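One structure is given here, and the rest of the page talks about it.
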Amino acid sequence: MTAALWWQRLPQRVLDEDARLQQLVADGTLTQYAWVRQGDGQLWLTADIAVLPDKIQAVELRFPERYPGECPAIRPLPYGTPLSGHQFRGDGVLCLELGPDNWHSRFTAADLLASAWKLLVYELLNTIKHVPIPSRHVDTIGMDIRGEFFRLIASQAARDALDAAGAVSTFHYTSALEDGALVFWLTEAPAGTAIADVPPFIVSREKRTGIAVHLSDDSLPPPSDVTALRDYLQAAGVEEDTAKSLDGMIVFLRPGSMRAKYILSSGTSNAVHTVAVIADRRVEADDRRPSPVAVAAATARVAIVGLGSLGSKIATSLARTGITKFVLVDGDALLPENVVRHDADFLSAGLMKVEAAAARIRRVATAAVTVETFHHDVADGTNPAVHAKTVAALASADLLIDATANPDAFNFLADLASEERRQLAWGEVFAGGFGGYIAYATPERTPGPSCVRAAFHAHAANWPPAPLGASEPYAADAPADAAPIIATDADVGVIAAALSALSLRLLTNDLDDHPPLLFVGLRAGWIFERALDSRAIPVRQDDFACDRCWTRPAAADDDTQKKVEALLTSNDAHHPPPS
């Protein structure tokens, strides 16, 4: 059964609304109005607002389905007619004193029309003398650029460089075509001089040359006709040949403002498009990173072993945080089915996972990055020379991260970390999305990594058996009568975020009371009572530590060495010579 429309549910409201509208006609705010029922039964209202006795503006008011619980919208007629700076783009809905944020059902259509009358009277007065207009209208960048296909990102550094370059100058820019827009970046201003803080990935793209022109305050706006625009450019100081052949970006500068046009050539025809200018305010980026993190990120070298769904997310997160030196190790390829949880997308399918992760790092980095990639698994046999380079790169890192969930890989990294006294963080997502854990070992606070893991095993011995084989990562085999439960991308993301945060704590020496082992539940079951239930595992150095923790094996003395050599050279393996 179709729900009744508001005017059918509230007939008295219609009569009360009409009485209020009649009053607006009587006092001269409106000259006339009419109720208009649409084909689908919705109710609209048209009205003529008497801004002055000889200045009438037609408007249309549309009632939403849940009126009077929601605010109606008023549009000028014809649609899109510009009436005020307090007006949204598109069909020109007026932004009035009443809106969705302060609407109440006690207000009526007459209140909105009276507010529209006041706005238009104020706008008329402003043509004679400036009068402040009370407003709740706030334009956002999104409001400014939506519907604009051509968009230009320009930093204050770019603007300053163009301001200093003279009346007419050239610059370089790059472009990227996305689903909804062609986005440009200014990269050099003047041409040949790099603009600071442009992301390296953007700088590396193919560049084109554009022209910047300074205008005086009293200059007319640039025209949108190609021929007129070329004449306009010549009048502004652009050489005739350049103006007549120009194709691409043109930036117009006035004190305190920047506008842009784009001449698009297609065969024998040219068209001029308006370009929405977006300010790049990434000077605020450092303010969005805690100072200790920013300082540590500037010099830290991080090695991530395992660039699957967990490791790839960690790599991207750390790159966003400002880490610029990476060592990535993984021998697997990124397959299309991996995209359901991997941080890369289908465009990276077919790459090695380290290559996909490296590409992602470069696309989000705000500074130049160095990424060493090794296309093999650390626990597998490989070319000894390549393996030696891998070990050397890992040993040089300030932090090792094991995201493999592979015991052999962990044993290798634990031994390396202990001998080289490198901090090691690791984690795992449990099967079926039950949760996961994160862990760390650091010379300053904990036993070596293997002993931290031994502490976990000691505590876990008293836990109930893990359901659905939860010791296996990501997916679990369900009983025959149940569907398999698989960890989602969100499940992996929670553990990846926790491990990324732990990594930053290790780099900044800000561990506070963070336990060496932390189990995080994502749903009730096994050892977890509820979603986001967490279990900290204490690891005391006097309980779980060995003489190998954070030390290299001591060199054997001569006597011991001779005994070993005698043992290994004996012909009787079962009866070695007595000491």
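The values are calculated or read from the model by the stated rules, or taken from the named source; none is laboratory data. What you see is a predicted model, and the numbers here were worked out from it, not measured in a lab. As a convention, Cβ positions derive from the backbone with ideal geometry for all residues, glycine included, and neighbour counts pool all protein chains shown.
Sort out which residues of the stretch 517-537 are touching a residue at least 40 places away in the same chain (Cβ under 8 Å), out of contact with any Lys or Arg (no Cβ under 9 Å at 6 or more places or on another chain) and within 22 Å of A441 (Cα to Cα), and write them in order of number.
I537
Residues of the stretch 173-226 being in contact with a strand residue (DSSP E or B) (Cβ under 8 Å, 6 or more places away or on another chain) and among the aromatic types (F, W, Y), which ones?
Y173, F184, W185, listed by residue number.
Among R530, R548, which is at pLDDT 90 or above, of a type outside the set (A, V, I, L, M) and either exposed (fewer than 12 other Cβ atoms within 10 Å of the Cβ) or not assigned by TED's automatic domain parsing to the domain that holds V429 (or both)?
Working: R548 fails: at pLDDT 90 or above.
Only one candidate qualifies: R530.
Considering each residue of the stretch 59-81, count those that are in contact with a Gly (Cβ under 7 Å, 6 or more places away or on another chain) and assigned to a loop (DSSP other than H, G, I, E, B), and give that number. First the steps, then the outcome.
Residues of the stretch 59-81 that are in contact with a Gly (Cβ under 7 Å, 6 or more places away or on another chain), as a first pass: 71, 75-76, 79-81.
Cutting the leftovers down to assigned to a loop (DSSP other than H, G, I, E, B) gives us 71, 79-81.
Summing the residues that are in contact with a Gly (Cβ under 7 Å, 6 or more places away or on another chain) and assigned to a loop (DSSP other than H, G, I, E, B) in the stretch 59-81 gives 4.
Where the second residue is of a type in the set (F, W, Y) and the first is under 14 Å from A300 (Cα atoms) and lies in the stretch 488-516, which pairs have Cβ atoms under 9 Å and are six or more apart or on separate chains?
Between residues of the stretch 488-516 that are under 14 Å from A300 (Cα atoms) and residues that are of a type in the set (F, W, Y), the close pairs are S503/Y440; R505/Y440; L506/Y440.
From the list V492, V539, exactly one residue is in a loop (DSSP other than H, G, I, E, B) and at pLDDT 85 or above. Which is it?
Details: V492 fails: in a loop (DSSP other than H, G, I, E, B).
It is V539.
crowded, with 19+ Cβ neighbours inside 10 Å and either farther than 28 Å from R360 by Cβ or free of Cβ contacts under 8 Å to residues at least 12 places away in the same chain (or both), is that true of G192?
Details: crowded, with 19+ Cβ neighbours inside 10 Å: no; either farther than 28 Å from R360 by Cβ or free of Cβ contacts under 8 Å to residues at least 12 places away in the same chain (or both): yes.
Considered against the rule, which asks whether it is crowded, with 19+ Cβ neighbours inside 10 Å and either farther than 28 Å from R360 by Cβ or free of Cβ contacts under 8 Å to residues at least 12 places away in the same chain (or both), G192 comes out as no.
Please determine whether any residue of the stretch 8-23 is assigned to a loop (DSSP other than H, G, I, E, B), assigned by TED's automatic domain parsing to the domain that holds A116 and not hydroxyl-bearing (S, T, Y).
If we filter the stretch 8-23 for residues that are assigned to a loop (DSSP other than H, G, I, E, B), which is where we start, we get 10.
When the remaining residues are screened for being assigned by TED's automatic domain parsing to the domain that holds A116, the result is 10.
Next, only the ones that are not hydroxyl-bearing (S, T, Y) stay: 10.
Yes: one or more hits.
Give the residue that is nearest to A497 (Cα to Cα), with candidates limited to residues of the stretch 331-372 that are surrounded by 15 or more Cβ atoms within 10 Å (Cβ to Cβ) and hydroxyl-bearing (S, T, Y).
T366
Given the options A164, A157, name the one that is in contact with a strand residue (DSSP E or B) (Cβ under 9 Å, 6 or more places away or on another chain) and at pLDDT below 95.
Numbers: A164 fails: in contact with a strand residue (DSSP E or B) (Cβ under 9 Å, 6 or more places away or on another chain).
Matching residue, one of A164, A157: A157.
Kindly indicate which of A26, A3 is over 17 Å from L61 (Cα atoms), under 49 Å from the mean Cα position of the chain (by Cα), loosely packed, with under 13 Cβ neighbours inside 10 Å and small (G, A, S). Walk me through it before giving the result.
On the way: A26 fails: under 49 Å from the mean Cα position of the chain (by Cα).
Among A26, A3, only A3 is over 17 Å from L61 (Cα atoms), under 49 Å from the mean Cα position of the chain (by Cα), loosely packed, with under 13 Cβ neighbours inside 10 Å and small (G, A, S).
Considering every residue within the stretch 43-52, establish whether at least one is in a loop (DSSP other than H, G, I, E, B), among the small types (G, A, S) and either surrounded by 19 or more Cβ atoms within 10 Å (Cβ to Cβ) or without any contact (Cβ under 8 Å) to a residue 40 or more places away in the chain (or both). First the steps, then the outcome.
We begin by selecting, within the stretch 43-52, every residue in a loop (DSSP other than H, G, I, E, B); these are none.
No: zero hits.
Select, from L113, L162, L120, the only residue that is in a helix (DSSP H, G or I), touching a helix residue (DSSP H, G or I) at 6+ places or on another chain (Cβ under 9 Å) and surrounded by 19 or more Cβ atoms within 10 Å (Cβ to Cβ).
Values: L162 fails: touching a helix residue (DSSP H, G or I) at 6+ places or on another chain (Cβ under 9 Å); L120 fails: touching a helix residue (DSSP H, G or I) at 6+ places or on another chain (Cβ under 9 Å).
On inspection, the qualifying residue turns out to be L113.
Can you tell me which of (1) within 30 Å of R301 (Cα to Cα); (2) loosely packed, with under 13 Cβ neighbours inside 10 Å; (3) modelled with pLDDT under 85 is the one A480 doesn't meet?
(1)
Could you tell me which of the residues V198, V183, V213 is aliphatic (A, V, I, L, M), touching a Pro at 6+ places or on another chain (Cβ under 9 Å) and not assigned by TED's automatic domain parsing to the domain that holds G99?
Working: V198 fails: touching a Pro at 6+ places or on another chain (Cβ under 9 Å); V183 fails: touching a Pro at 6+ places or on another chain (Cβ under 9 Å).
Step by step, each of V198, V183, V213 is checked, and only V213 is aliphatic (A, V, I, L, M), touching a Pro at 6+ places or on another chain (Cβ under 9 Å) and not assigned by TED's automatic domain parsing to the domain that holds G99.
If W35 satisfies every condition in (1) out of contact with any Ser or Thr (no Cβ under 9 Å at 6 or more places or on another chain); (2) free of Cβ contacts under 8 Å to residues at least 24 places away in the same chain but one, which is the exception?
With (1) out of contact with any Ser or Thr (no Cβ under 9 Å at 6 or more places or on another chain); (2) free of Cβ contacts under 8 Å to residues at least 24 places away in the same chain applied to W35, the lone miss is (1).
Give the residues of the stretch 485-533 that are more than 21 Å from S317 (Cα to Cα) and small (G, A, S), sorted by residue number.
G521, A524, G525, A531
Exactly one of (1) surrounded by 13 or more Cβ atoms within 10 Å (Cβ to Cβ); (2) out of contact with any helix residue (DSSP H, G or I) (no Cβ under 8 Å at 6 or more places or on another chain) is unmet by V564. Its number?
Among (1) surrounded by 13 or more Cβ atoms within 10 Å (Cβ to Cβ); (2) out of contact with any helix residue (DSSP H, G or I) (no Cβ under 8 Å at 6 or more places or on another chain), the lone unmet condition for V564 is (1).
Within the stretch 388-407, can one find any residue that is modelled with pLDDT of 85 or more, surrounded by 15 or more Cβ atoms within 10 Å (Cβ to Cβ) and in contact with a His (Cβ under 9 Å, 6 or more places away or on another chain)?
yes
Hey, among L328, L307, which residue is of a type outside the set (S, T, N, Q), closer than 22 Å to L394 by Cα, touching a residue at least 24 places away in the same chain (Cβ under 8 Å) and part of a loop (DSSP other than H, G, I, E, B)? Steps first, answer last, please.
Numbers: L328 fails: part of a loop (DSSP other than H, G, I, E, B).
Residue meeting the stated conditions: L307.
Give the stretch 495-527 a look and list any residue that's buried (at least 18 other Cβ atoms within 10 Å of the Cβ) and of a type in the set (S, T, N, Q), or say none.
S500, S503
Which of the residues belonging to the stretch 67-110 are crowded, with 18+ Cβ neighbours inside 10 Å, of a type in the set (G, A, S) and touching a residue at least 24 places away in the same chain (Cβ under 8 Å)?
Within the stretch 67-110, S84, A109, A110 meet the criteria.
Quick check on L507: is it at pLDDT below 85 and either of a type in the set (F, W, Y) or touching a helix residue (DSSP H, G or I) at 6+ places or on another chain (Cβ under 7 Å) (or both)? Please lay out each step first, then the result.
Numbers: at pLDDT below 85: no; either of a type in the set (F, W, Y) or touching a helix residue (DSSP H, G or I) at 6+ places or on another chain (Cβ under 7 Å) (or both): yes.
Criteria not met by L507.
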